[in-house]
Amino acid sequence: MAERRGIIVVVSGFSGTGKGTLMKQLTARYDNYTLSVSMTTRKPREGEVDGREYFFTTDENFEKLISEGQFIEHAGYCGHYYGTPREFVDRMLASGKDVLLEIEVQGALQVREIYPDAVLLFVTAPSAAELVNRLNKRGTESPEIIAQRMARAREEARYIDRYDYLLVNDDLDRCTQLMHEIITAAHATPRCNREFIGEITRSLDEE
Ligand code: 5GP
């Protein structure tokens with residue numbers, strides 16, 4: 001069987017769904033995952049560290065990097081740019097790691113075009129009321145920003161059926177476990193094993 005190649009796992013979901021915590025739990029529990037650090041032009045929140053949560057940069061620099069083709073995908077979200085730097089992702093995939101991209105829907109659909117074997121997961125809170133509750137509890141955003149993010153959630157809901165799987169994050173442990181099982185199963189799909197299928201098909205012809 002061909003060497004294990006990593007796959008891209010896109011994780012999207014409404015703001016406040018707990019995607020960040022889910023990603024942390026997944027990478028802490030299993031060692032086949034690595035988290036891509038995105039670049040953004042939004043300002044750091046309290047406690048965020050440059051190079052850990054995001055690479056924070058200016059509009060000017062972000063636009064320069066777009067023109068140089070240095071992002072796999074990029075999108076605008078609530079007035080700021082967000083993008084996935086290409087070099088890290090390609091290097092990790094080649095080394096056999098599964099790369100987690102926590103990105104919004106426009107970016108997710110761009111990734112699907114470029115990496116057809118990517119697995120697209122959409123994570124949601126159990127209800128809209130719970131989502132508002134979690135956003136308020138986080139306490140890092142003003143009421144205006146929360147309203148913007150809820151408006152964006154309404155738009156994003158329309159794209160859920162373009163994803164491969166839907167996960168309801170009502171229990172962190174259960175959701176982490178399910179996510180790991182889905183990704184493990186994805187490794188066994190024909191679309192993630194094209195090289196092997198090509199090899200065995202050729203060998204069969206030679207027998
Ligand atoms: P936040 O400002 O709350 O950290 O992120 C806002 C939104 O941007 C979230 O939905 C998050 O998943 C998304 N996001 C973060 N990084 C990227 C990225 O590199 N590309 C895209 N397209 N979206 C991103």
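The values are calculated or read from the model by the stated rules, or taken from the named source; none is laboratory data. This structure is a prediction, so every number in the text was calculated from the model and none was measured. All Cβ positions, even for glycine, are placed from backbone atoms using ideal geometry, and neighbour counts span all protein chains on display.
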Failed criterion for residue 43 (all others in (1) surrounded by 15 or more Cβ atoms within 10 Å (Cβ to Cβ); (2) touching a Phe, Trp or Tyr at 6+ places or on another chain (Cβ under 8 Å) hold) = (1)
Only residues that are within 18 Å of residue 183 (Cβ to Cβ), crowded, with 16+ Cβ neighbours inside 10 Å and aliphatic (A, V, I, L, M): list them for region 1-40, please.
-> 7, 8, 9, 10, 11, 22, 23, 26, 35
Output the residue which, of all residues in region 163-182 that are of a type in the set (Asp, Glu) and outside any helix (DSSP H, G or I), is surrounded by the most Cβ atoms within 10 Å (Cβ to Cβ).
-> 164
Filter region 2-16 for residues that are part of a loop (DSSP other than H, G, I, E, B) and either within 9 Å of the ligand (Cβ to nearest atom) or without any contact (Cβ under 8 Å) to a residue 12 or more places away in the chain (or both) and give the result.
-> 14, 15, 16
Among (1) at pLDDT 95 or above; (2) away from the ligand (no atom under 12 Å from the Cβ), which single condition is residue 46 missing?
-> (1)
So which residues in region 29-70 are touching a helix residue (DSSP H, G or I) at 6+ places or on another chain (Cβ under 7 Å) and polar (S, T, N, Q)?
-> 34, 36, 41, 70
For region 108-115, indicate whether the set of residues that are acidic (Asp, Glu) and away from the ligand (no atom under 14 Å from the Cβ) is non-empty.
-> no
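Please specify each residue of region 114-158 satisfying the condition of being within 30 Å of residue 5 (Cα to Cα) and out of contact with any strand residue (DSSP E or B) (no Cβ under 8 Å at 6 or more places or on another chain).
Residue satisfying the conditions is 116 alone.
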Among all residue pairs at least 6 apart or on different chains, which show Cβ distances below 8 Å where the first residue, located in region 183-207, is assigned to a helix (DSSP H, G or I) and the second is small (Gly, Ala, Ser)?
-> 192/186; 195/2; 196/2; 199/2
